[in-house]
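Asker: Take a look at the following structure, please.
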Amino acid sequence: MAREISSLCPPHAEIGEIRWCTSLAAHPLGKIDLLDDQARLEKVATFSPYHIAHIGQHQLMPVLWRWIESESLITFVKGAGLISLNQDEGGATVGVKHAHSGTTAYRADWLIGADGANSSVREMLGVSMEGPVLAHMASVFFSADLDSVLAKPRPLLSWIYNPDFCGVLIKHFDDHYILMSPFITQEQEMVRLGASYWSRMIPKVIGADVPFQIRTQGNWSMATQLAQVFRKGRVMLVGDAAHRFPHTGGFGLNSGVQDAQNLAWKLAAVQESRATESLLDSYEAERKPVVALFAEQSVSNHFKLDEVTNHLNITNRGLMSATKAFETAPIKWLPSKLKGRFADALMKLAFSKTRQLTETSARAHELRSRIAQAVPGQLEHFLSTGLEFGYAYSGGLVIPERSMQPKVGAGVVDYQPTTWPGCRLPHALISRGGVEIPLLYVIDKRKFSLITHDDVGWAQALLCLPLPYVSELVLIVAVPSKAEDRAELVSLFEVGEHGAILVRPDGHVAWRTTLPGMNAVGDLEQVVRKLTVSYRRKIASAVVA
């Protein structure tokens, strides 16, 4: 599946440029090229067996659907919607309405609500979202051949500022684009007129009259919100159903996948009677702080854009204030048409200074210069490798250390690979049966993996461990695919030649030691007991006996 998704993505040379401009055809006011730093690119390539993917939802969803349909363990029901949800101590029952064939009731031990920002599952649970709405957005999805306007590679993102339109244009590989702009109230033209409004605006954004086809359009609210709880009884919330971020940072899909990955091994352990239901309590405890951090960064990125646009008297903070004002008396009492005209006039006034961007005066030159100088400061908005790879868990399934997590700077832009407990095990290539394979691929999906360079020492240590604890572990010997890479692998693991790393089924480090196996066997026994005694029935009874 990863290979199929990668085949639909543009070459990396085409996804590096972020541009600020008056139209796509115009000379940029400022830009960030994510491909400029070759040393950084080479380093990022060592963090994962896969490269970053930029793919439109219209391309991704058919791929995911095909893979789901081909999985024999999944019953994939299409063309249906949730109409009821009830749960008891034994499971959950959902009522589903089919588009053409009535309704069906489904019974399951557990229910995962992965149904998006407007989650019906969350609503039926009575779980509220906590946090503010930052802006209301309108968007249009369209296709156009722009070769005559701007040669490839075209910018990945173009922040457009002109007297008629302010917003962002997102490019996809297949000549499809998403254009987004904020609005203050539903009565404004861009909401009321829909396709006719966008048909007027798209040529102004492109900067030329070229044929285009509108595919879809819609309105949505940009918010930073977390669900009050991520689990209620037999129901868990994941992805946008559990948390909403601004699009400024690109954490939405990634965080949803992380939610599912954190939950999967725990749910499997419960279903296979290897753990009690209390293990599932760790899902929210681990994920909520991480997504709160992502939300904080997304909001910071959103408002940091003001450093560029405040020179135009356009700011996201001002937009948020105006939006709140229109939802508050006395403005909200205005007749709908008057309120819409008022909002359109207000935004037109706010955009007026953008006229100077195309002028030739000294004042206009100074304005363009200030914008250009502010653009490089936006880097962490578009490059957040440190957060993407460096997020860490804490709590009962991680044995903490007194040291601080190693980070590069603030830990946002650049990633420091580390085996610090709670972090994801860094990517490394090892030899497995004479074949080079990513280390994360051999992590056991049910038990804790004990990773070491010292196979003899730790094999002896495990012989001294009580049997119930040994049954929880899988020993993995990390042998580099090339002998000359051994020193680099030892350095990456941060536990020396004879230490070991204990890794959870989801690939996150639970504990580590620099001690040789026979010196650390007592510590390992205590660690396994602490990690498992709260939810493993077999271990708990063995300890009591």
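The values are calculated or read from the model by the stated rules, or taken from the named source; none is laboratory data. Values in this document were obtained by computation on a predicted structure and should not be read as measured data. Because the Cβ atoms are built from the backbone with ideal geometry, glycine has one as well, and the counts that use them run over all protein chains shown.
Asker: Within the stretch 328-337, identify whether any single residue is more than 21 Å from Gly250 (Cβ to Cβ), in contact (Cβ under 8 Å) with a residue 12 or more places away in the chain and part of a helix (DSSP H, G or I), and answer yes or no.
Answerer: Yes, the conditions are met somewhere in the stretch 328-337.
Residue-by-condition table, conditions (1) surrounded by 23 or more Cβ atoms within 10 Å (Cβ to Cβ); (2) in contact with a Phe, Trp or Tyr (Cβ under 6 Å, 6 or more places away or on another chain); (3) of a type in the set (Lys, Arg):
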{"position": "Arg234", "(1), (2), (3)": "no, yes, yes"}
{"position": "Leu237", "(1), (2), (3)": "yes, yes, no"}
{"position": "His243", "(1), (2), (3)": "yes, no, no"}
{"position": "Gly256", "(1), (2), (3)": "no, no, no"}
{"position": "Ala260", "(1), (2), (3)": "no, no, no"}
{"position": "Trp265", "(1), (2), (3)": "no, no, no"}
{"position": "Val270", "(1), (2), (3)": "no, no, no"}
{"position": "Arg274", "(1), (2), (3)": "no, no, yes"}
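Asker: So, one more: Considering only the stretch 464-473, I want to know if a residue exists there that is of a type outside the set (Lys, Arg) and in contact with a Phe, Trp or Tyr (Cβ under 7 Å, 6 or more places away or on another chain).
Answerer: Yes.
Asker: Can I ask one more? Taking the conditions exactly as written (buried (at least 19 other Cβ atoms within 10 Å of the Cβ), assigned by TED's automatic domain parsing to the domain that holds Trp265 and under 24 Å from Gly249 (Cα atoms)), does Ser158 satisfy them or not? Let's see the steps before the verdict.
Answerer: On the way: buried (at least 19 other Cβ atoms within 10 Å of the Cβ): yes; assigned by TED's automatic domain parsing to the domain that holds Trp265: no; under 24 Å from Gly249 (Cα atoms): yes.
No, not satisfied.
Asker: Could you tell me whether the stretch 309-317 includes any residue that is at pLDDT 95 or above and within 30 Å of Met236 (Cβ to Cβ)?
Answerer: No, the conditions are met nowhere in the stretch 309-317.
Asker: Residues in the stretch 125-136: is at least one of a type in the set (A, V, I, L, M) and farther than 30 Å from Tyr197 by Cβ? Spell out how you get there, then give the answer.
Answerer: The first filter runs over the stretch 125-136 and keeps only residues of a type in the set (A, V, I, L, M), leaving 125, 127, 129, 133-135.
Restricting the remaining residues to those that are farther than 30 Å from Tyr197 by Cβ gives 125, 127.
Yes, that holds for at least one residue.
Asker: Please work out if Leu157 is under 26 Å from Asn310 (Cα atoms), of a type outside the set (Lys, Arg) and in contact with a His (Cβ under 7 Å, 6 or more places away or on another chain).
Answerer: Against the criterion (under 26 Å from Asn310 (Cα atoms), of a type outside the set (Lys, Arg) and in contact with a His (Cβ under 7 Å, 6 or more places away or on another chain)), Leu157 does not qualify.
Asker: Right, next: Which numbered condition in (1) free of Cβ contacts under 8 Å to residues at least 12 places away in the same chain; (2) in a loop (DSSP other than H, G, I, E, B) is the only one that Ser48 fails?
Answerer: Going through (1) free of Cβ contacts under 8 Å to residues at least 12 places away in the same chain; (2) in a loop (DSSP other than H, G, I, E, B) one by one, Ser48 breaks only (1).
Asker: Follow-up. Find all pairs meeting these conditions: Cβ atoms under 8 angstrom apart; at least six residues apart or on different chains; first residue within the stretch 188-206 and closer than 22 Å to Ser158 by Cα; second residue in a loop (DSSP other than H, G, I, E, B) and acidic (Asp, Glu).
Answerer: Pairs found: Met201/Asp164; Pro203/Asp209; Lys204/Asp164.
Asker: Mind listing just one residue for me: the one in the stretch 480-510 that is aliphatic (A, V, I, L, M) and loosely packed, with under 15 Cβ neighbours inside 10 Å and, of those, modelled with the highest pLDDT?
Answerer: Filtering first and then ranking leaves Ala487.
Asker: Surrounded by 15 or more Cβ atoms within 10 Å (Cβ to Cβ), among the basic types (Lys, Arg) and either in contact (Cβ under 8 Å) with a residue 60 or more places away in the chain or over 30 Å from Met129 (Cα atoms) (or both): does that describe Arg215?
Answerer: So Arg215 fails the test.
Each row is one residue, and each column tells you yes or no for (1) over 17 Å from Val168 (Cα atoms); (2) at pLDDT 90 or above.
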position: Arg3; (1), (2): yes, no
position: Leu8; (1), (2): yes, no
position: Glu14; (1), (2): yes, no
position: Trp20; (1), (2): no, yes
position: Gly30; (1), (2): no, yes
position: Phe47; (1), (2): yes, yes
position: Ala53; (1), (2): yes, no
position: Val63; (1), (2): yes, yes
position: Glu69; (1), (2): yes, yes
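Asker: Scan the stretch 226-255 for residues that are within 14 Å of Gly113 (Cα to Cα) and part of a helix (DSSP H, G or I) and report the count.
Answerer: Final tally of qualifying residues: 3.
Asker: If you go through the stretch 225-272 one residue at a time, how many are of a type in the set (Lys, Arg), closer than 25 Å to Lys447 by Cα and touching a residue at least 60 places away in the same chain (Cβ under 8 Å)?
Answerer: So in the stretch 225-272, the residues of a type in the set (Lys, Arg) come out as 231-232, 234, 244, 266.
Now restrict to residues that are closer than 25 Å to Lys447 by Cα: 231, 234, 266.
Pick out the ones that are also touching a residue at least 60 places away in the same chain (Cβ under 8 Å) and you get 234.
Total meeting the criteria: 1.
Asker: A follow-up question, please. I'd like the residue in the stretch 13-49 that is of a type in the set (Gly, Ala, Ser) and within 21 Å of the chain's Cα centre (by Cα) and, out of all such residues, is surrounded by the most Cβ atoms within 10 Å (Cβ to Cβ).
Answerer: In this case the residue turns out to be Gly16.
Asker: Just wondering, is there one or more residues in the stretch 103-115 that are under 30 Å from His176 (Cβ atoms) and not in a strand (DSSP E or B)?
Answerer: In the first step, residues of the stretch 103-115 are kept if they are under 30 Å from His176 (Cβ atoms); the result is 113-115.
Filter once more, so that each one left must be not in a strand (DSSP E or B): 114-115.
Among the residues of the stretch 103-115, at least one is under 30 Å from His176 (Cβ atoms) and not in a strand (DSSP E or B), which makes the answer yes.
Asker: Further question on the same structure: Can you find even one residue in the stretch 286-300 that is among the basic types (Lys, Arg) and surrounded by 16 or more Cβ atoms within 10 Å (Cβ to Cβ)?
Answerer: There is at least one residue in the stretch 286-300 that is among the basic types (Lys, Arg) and surrounded by 16 or more Cβ atoms within 10 Å (Cβ to Cβ).
Asker: Going through Leu349, Leu357 one at a time, which residue ends up being farther than 19 Å from Phe303 by Cα, more than 33 Å from the chain's Cα centre (by Cα), without any contact (Cβ under 8 Å) to a residue 12 or more places away in the chain and assigned to a helix (DSSP H, G or I)?
Answerer: Answer to the check: Leu349.
Asker: Moving on to the next point. So, Leu349, is that one crowded, with 19+ Cβ neighbours inside 10 Å and of a type in the set (A, V, I, L, M) or not?
Answerer: It is false that Leu349 is crowded, with 19+ Cβ neighbours inside 10 Å and of a type in the set (A, V, I, L, M).
Asker: Quick one: in the stretch 9-26, which of the residues that are touching a strand residue (DSSP E or B) at 6+ places or on another chain (Cβ under 7 Å) and part of a loop (DSSP other than H, G, I, E, B) is nearest to Gln356 (Cα to Cα)?
Answerer: Thr22
Asker: Okay, next question. Based on what the data block shows, is Gln373 over 27 Å from the mean Cα position of the chain (by Cα), over 16 Å from Asp506 (Cα atoms) and at pLDDT 95 or above? Give the steps one after another, and end with the answer.
Answerer: Numbers: over 27 Å from the mean Cα position of the chain (by Cα): yes; over 16 Å from Asp506 (Cα atoms): yes; at pLDDT 95 or above: yes.
Against the criterion (over 27 Å from the mean Cα position of the chain (by Cα), over 16 Å from Asp506 (Cα atoms) and at pLDDT 95 or above), Gln373 qualifies.
Asker: May I ask you to list pairs of residues, at least six apart or on different chains, whose Cβ atoms are under 6 Å apart, with the first in the stretch 87-106 being closer than 14 Å to Val235 by Cβ and the second being basic (Lys, Arg) and not in a strand (DSSP E or B)?
Answerer: Gln87/Arg234; Gly91/Arg234; Ala92/Arg234
Asker: A further question follows. Which of the strands (runs of 3 or more DSSP E) contained wholly in the stretch 121-225 include at least 1 residues that are over 24 Å from the mean Cα position of the chain (by Cα) and among the aliphatic types (A, V, I, L, M)?
Answerer: So the answer is 133-144, 157-161, 212-223.
Asker: Same structure again: It is to be established whether one or more residues within the stretch 487-496 are more than 25 Å from Ala269 (Cβ to Cβ) and of a type in the set (Phe, Trp, Tyr).
Answerer: yes
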